[in-house]
Amino acid sequence: MIVHSSSGVFAIRKGPWKWIEGVPVDEIKPGARKANADQFRAQLYDTQADPAETKDVSAPHPEIVQELTALLTRYRDGGHSRELPPVGVKPQLPVATLPPLPGETILNEPLQQVPAKPWTTSAGEWSAKAGGLWGGQKGPEDRGAVLRVPLAITDGTIDYEIQFDGANRHSLRVEWGERKGSFRIEISRTALGITKNPAGGEDKSALEPIARKPLTLEPRRWYPVRITFKGNEATAQVDDGVVKGTHAVLGEAKTGLNFLVFGESAGFRNVRVTK
């Protein structure tokens with residue numbers, strides 16, 4: 001038996017075992033994620049010995065977890081459960097391979113651990129695991145986890161990889177003119193955009209969308225990100241999705257990068273900047 005909650009969490013029951021995947025849909029707000037954190041986690045129960053589901057037994061039974069995880073994935077990818085779908089009915093799409101990064105390298109940080117100064121972290125939790133640096137939001141819904149590094153380019157390219165695991169979006173906030181203003185590259189699993197942020201003295205509602213397009217990213221996969229600046233034009237690419245925008249602020253001298261995570265968790269690795 002397969003069950004599915006209103007929050008998007010899948011579970012599967014086979015014999016006495018009940019496996020709860022614990023992954024809600026990306027659109028769940030951070031407040032709801034926090035309030036229901038005890039539900040949004042992987043769990044295994046022996047319903048025969050423990051019908052009230054009081055004891056998670058996933059740790060002593062990894063073979064059951066592996067079996068039921070594979071079975072749930074196979075049913076879900078196949079789109080039906082009246083009969084067992086064939087293996088690999090939903091093959092993963094290949095991730096785009098970007099050409100070599102042009103220009104002189106001025107920043108090269110693999111993010112295999114929390115980086116030392118001049119990098120700084122704030123407003124969230126950051127930890128190194130699974131080949132990257134992972135950030136998660138812990139504060140108010142409008143304040144993401146922040147990883148910052150100073151920068152000094154005008155024209156150039158920013159390159160890194162991203163993986164979503166519960167976060168609803170990532171924003172790369174680019175400062176210009178010694179923090180006089182900023183703009184951001186917005187990335188979620190469903191959209192890619194470029195937006196000018198309000199400058200000093202402007203109202204918070206003074207946002208200017210510059211470019212936007214739909215995007216399709218799978219959770220728990222690494223995807224390449226490349227942002228190129230030339231004059232007043234910026235080109236942002238995530239996997240094979242590309243947007244281009246033109247605005248005066250895009251041509252300003254860029255003085256800082258802020259990697260923001262909104263929601264549960266997103267990972268970054270292999271940050272490079274060239275000019």
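Each value in this text was obtained by applying a stated rule to the coordinates, not by laboratory testing. For clarity, every value in this text was computed on a predicted model and none was experimentally measured. Quick reminder, even Gly has a Cβ in these numbers, built from the backbone with ideal geometry, and neighbours come from all protein chains shown.
Under 21 Å from the Cα of K275, which lysines turn up, not counting those fewer than eight places away in the same chain?
K230, K244, K254
Count charges around H247 for me, please; just the other residues with Cβ under 10 Å from its Cβ, Lys/Arg as +1, Asp/Glu as -1.
With Lys, Arg at +1 and Asp, Glu at -1, the neighbours total -2.
Can you compute the charge dipole magnitude of the stretch 2-78 about its Cα centre, using +1 on each Lys and Arg Cβ and -1 on each Asp and Glu Cβ, nothing else charged? Give it in debye, rounded to the nearest 20.
180
About the Cα centre, and with charges only on the beta carbon of Lys, Arg (+1) and Asp, Glu (-1), how big is the dipole of the stretch 115-205? Nearest 20 debye, please. Before the final figure, lay out each step's value.
On the way: 13 positive and 12 negative charges, 37 e Å.
The dipole of the stretch 115-205 has a size of about 180 debye.
Short version: ³J(HN,Hα) in whole Hz for each residue of the stretch 99-111, in order, from phi by Karplus 6.51 cos²θ - 1.76 cosθ + 1.60 (θ = phi - 60°), x for Gly and Pro, what are they?
Once θ is set to phi - 60°, the couplings for the stretch 99-111 become x, x, 6, x, x, 8, 6, 10, 8, 9, 10, x, 6 Hz.
What nm value, rounded to one decimal, do you get for the distance between K129 and I2 when each label is placed 7 Å out toward the C-beta?
Rounded to a tenth, the inter-label distance reads 2.7 nm.
Per residue of the stretch 184-194, what does 6.51 cos²θ - 1.76 cosθ + 1.60 with θ = phi - 60° give for ³J(HN,Hα)? Whole Hz please, x for Gly and Pro, Karplus curve as stated.
3J(HN,Hα) across the stretch 184-194, in whole Hz: 9, 9, 9, 10, 10, 6, 10, 7, 9, x, 10.
Compare the peptides 182-189, 199-206, 72-79 by average per-residue count of other Cβ atoms within 10 angstrom and give them in order, highest first.
On the way: 182-189: 21.4, 199-206: 9.1, 72-79: 16.0.
Taking the mean over residues of other Cβ atoms within 10 Å, the ranking is 182-189, 72-79, 199-206.
Provide the gained length on full extension for the span L93 to A206, in nm with one decimal, where the gain is 0.36 nm per separating residue minus the Cα-Cα distance.
Answer, rounded to one decimal: 36.9 nm.
Rounded to two decimals, what is the ratio between the C-alpha radius of gyration of the stretch 2-78 and 2.2 N^0.38 Å?
1.11
To one decimal place, what orientation-averaged projected area in nm² is obtained for the convex hull of the Cα set of the stretch 53-107?
Dividing the Cα hull surface by four gives the mean projection, 8.5 nm².
Tell me the label-point distance for the pair L71, A116, using the 7 Å Cα-to-Cβ offset, in nm and rounded to one decimal.
For the pair L71/A116, the computed spacing is 5.1 nm.
Would you mind putting 112-123, 251-262 in packing order, based on average other-beta-carbon counts within 10 Å, highest first?
Per-residue Cβ counts within 10 Å, averaged per peptide and sorted highest first, yield 251-262, 112-123.
Can you check what the net charge comes to around E175, using other residues whose Cβ is under 11 Å from the Cβ of E175 (Lys, Arg +1; Asp, Glu -1)? Please list the in-between numbers first.
Numbers: positive: R148, R173, R179, K180, R184, K254; negative: E178, E252.
Local charge sum for E175: +4.
Putting +1 on Lys and Arg Cβ atoms and -1 on Asp and Glu Cβ atoms, find which of T73, G31, I20 reaches farthest to the positive end of the dipole of the stretch 2-78.
Result: G31.
Calculate the FRET efficiency for T216 and L101 from the Cβ-Cβ distance with a Förster distance of 25 Å, rounded to the nearest 0.05.
Working from the Cβ atoms, E equals 0.55.
Tell me the net charge near L217. Cut-off is 9 Å between Cβ atoms, L217 excluded, with +1 for each Lys or Arg and -1 for each Asp or Glu.
It works out to a net charge of 0.
Please work out whether the stretch 105-274 counts as rounded, prolate or oblate from its C-alpha gyration tensor, where a ≥ b ≥ c are the square roots of the eigenvalues and a/c under 1.5 means rounded, while otherwise a/b larger than b/c means prolate and anything else oblate?
Rounded.
Mind listing the phi-derived Karplus ³J(HN,Hα) values for the stretch 67-82, rounded to whole Hz, using 6.51, -1.76 and 1.60 with θ = phi - 60°, and x for any glycine or proline?
5, 6, 4, 5, 5, 4, 4, 5, 5, 5, 5, x, x, 7, 10, 5
What does the C-alpha gyration tensor say about the overall shape of the stretch 216-275? Classify as rounded when a/c is under 1.5, otherwise prolate if a/b is larger than b/c, or oblate.
prolate
Taking the mean number of other Cβ atoms within 10 Å as a proxy for protection, how do you rank 214-223, 265-274 from highest to lowest? The partial results should precede the final answer.
On the way: 214-223: 14.9, 265-274: 21.2.
Ranking, from highest mean packing down: 265-274, 214-223.
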